[in-house]
Amino acid sequence: SPELEWNGTIPMRDDEPGTPLVFAGQVRAVDGTPLTGAKVELWHADDLGFYSQFAPGLPEWNLRGTWTVNEDGRFEIHTLRPAPYQIPTDGACGQLIAAAGWHAWRPAHLHLKVSAPGHELITTQLYFPGDPHNDDDIASAVKPELMLDPRENPNGEGVVVDYDFVLDPER
């Protein structure tokens, strides 16, 4: 995905609908040292629950980017809040869902990969409180420690979320 500075806007369409979201935090080592040069890769669904590279008509890198943190290990990503979505219900996946009597919904979430030289990669998903599918996610992936804590943006435009990452040293 496109590489961006520590404080930047995710690639998106000029008329991208959705609620503004500022996702900020710090990447540190286990001992608390900021990891200068760490990378935060972020991607998520759009306001209708579609992903670029998986839905027709969306630009290739829509709502996907990689940020290099600053000298203090900090990042600030300007994006939009994603929507919940249904996983495919055709083929073998659809047959399993129907046979089990499940629904096909995933709650709104952010996908992330966080890395730094000499440290273990973190691959995760982070979730928003209040989503109707947090308690019955088809993927059973929602955990309390992966729940974000959005607050109103002081500028009155959308929400702000702070979330820090701590990386283990490579083994």
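The values are calculated or read from the model by the stated rules, or taken from the named source; none is laboratory data. Please read all numbers here as calculations on a predicted model, not as lab measurements. When we count neighbours, we look across all protein chains shown, and the Cβ atoms used for this are built from the backbone with ideal geometry, even at glycine. Areas reflect the complete protein model, heavy atoms only, side chains present, ligands, DNA and RNA absent. Shrake-Rupley method; radii C 1.70, N 1.55, O 1.52, S 1.80 Å.
Key figures for this structure:
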{"quantity": "Label-zone membership for the stretch 46-74, site ASP15, 7 angstrom Cα→C-beta point, backbone N under 18 Å", "calculated": "46-50, 56-60, 62-63"}
{"quantity": "Tail beyond 19 Å, pair distance distribution of the stretch 96-171 (Cα, percent)", "calculated": "52 percent"}
{"quantity": "Solvent-accessible surface (1.4 angstrom probe) belonging to GLU3, in square angstrom, nearest 10", "calculated": "120 Å²"}
{"quantity": "Charge tally in the Cβ shell below 10 Å around VAL161, where Lys, Arg are +1 and Asp, Glu are -1, VAL161 excluded", "calculated": "0"}
{"quantity": "Distance histogram in 10 Å bins (all Cα pairs of the chain, percent per bin)", "calculated": "10, 35, 35, 17, 3, 0"}
{"quantity": "12 Å beta-carbon shell around HIS111, net charge (K/R +1, D/E -1)", "calculated": "+2"}
{"quantity": "Debye, to nearest 20: dipole size of the stretch 1-136, +1 on Lys, Arg Cβ, -1 on Asp, Glu Cβ", "calculated": "200 debye"}
{"quantity": "Accessible carbon and sulfur surface of the chain relative to its total accessible area, %, 1.4 Å", "calculated": "52 percent"}
{"quantity": "Sequence-separation-based contact order of the stretch 17-171, relative, with Cα cut under 8 Å and 6+ spacing, percent", "calculated": "30 percent"}
{"quantity": "Net +/- balance of residues flanking THR68 in space, Cβ distance below 14 Å, scoring K and R +1, D and E -1", "calculated": "-3"}
{"quantity": "Net charge dipole size for the stretch 67-171 [Lys, Arg +1 and Asp, Glu -1 on Cβ; Debye, nearest 20]", "calculated": "320 debye"}
{"quantity": "Low-density loop positions, chymotrypsin sites (Phe, Trp or Tyr not before Pro), the stretch 65-121 - DSSP coil, at most 15 other Cβ in 10 Å", "calculated": "TRP102"}
{"quantity": "Nearest-0.05 FRET efficiency for GLU5 and ALA55, computed from C-beta distance (R0 41 Å)", "calculated": "0.90"}
{"quantity": "Computed E for LEU48/ASP136 - FRET, C-beta separation, R0 25 angstrom, nearest 0.05", "calculated": "0.75"}
{"quantity": "Share, in percent, of DSSP beta bridges within the chain that are antiparallel, nearest 5", "calculated": "70 percent"}
{"quantity": "Accessible surface ranking that places the most exposed of ASP137, ASP149 first, with a 1.4 angstrom probe", "calculated": "ASP149, ASP137"}
{"quantity": "SER115 - accessible surface, heavy atoms, 1.4 Å probe, Å² rounded to 10", "calculated": "40 Å²"}
{"quantity": "Calculated FRET efficiency for the pair LYS143/VAL30, C-beta based, R₀ 25 Å, to 0.05", "calculated": "0.75"}
{"quantity": "Using alpha-carbon coordinates, inclination of helix 91-100 to the longest axis of the chain, degrees", "calculated": "80 degrees"}
{"quantity": "J(HN,Hα) series, the stretch 11-20, from Karplus relation 6.51 cos²θ - 1.76 cosθ + 1.60, nearest Hz, glycine and proline x", "calculated": "x, 7, 5, 4, 9, 4, x, x, 8, x"}
{"quantity": "Extension gain from THR66 to THR89, taking 0.36 nm per residue of separation minus the Cα-Cα distance", "calculated": "5.2 nm"}
{"quantity": "Karplus 3J(HN,Hα) series, Hz, for the stretch 130-141 with 6.51 cos²θ - 1.76 cosθ + 1.60 (x for Gly, Pro)", "calculated": "x, 5, x, 10, 4, 8, 9, 3, 4, 8, 6, 9"}
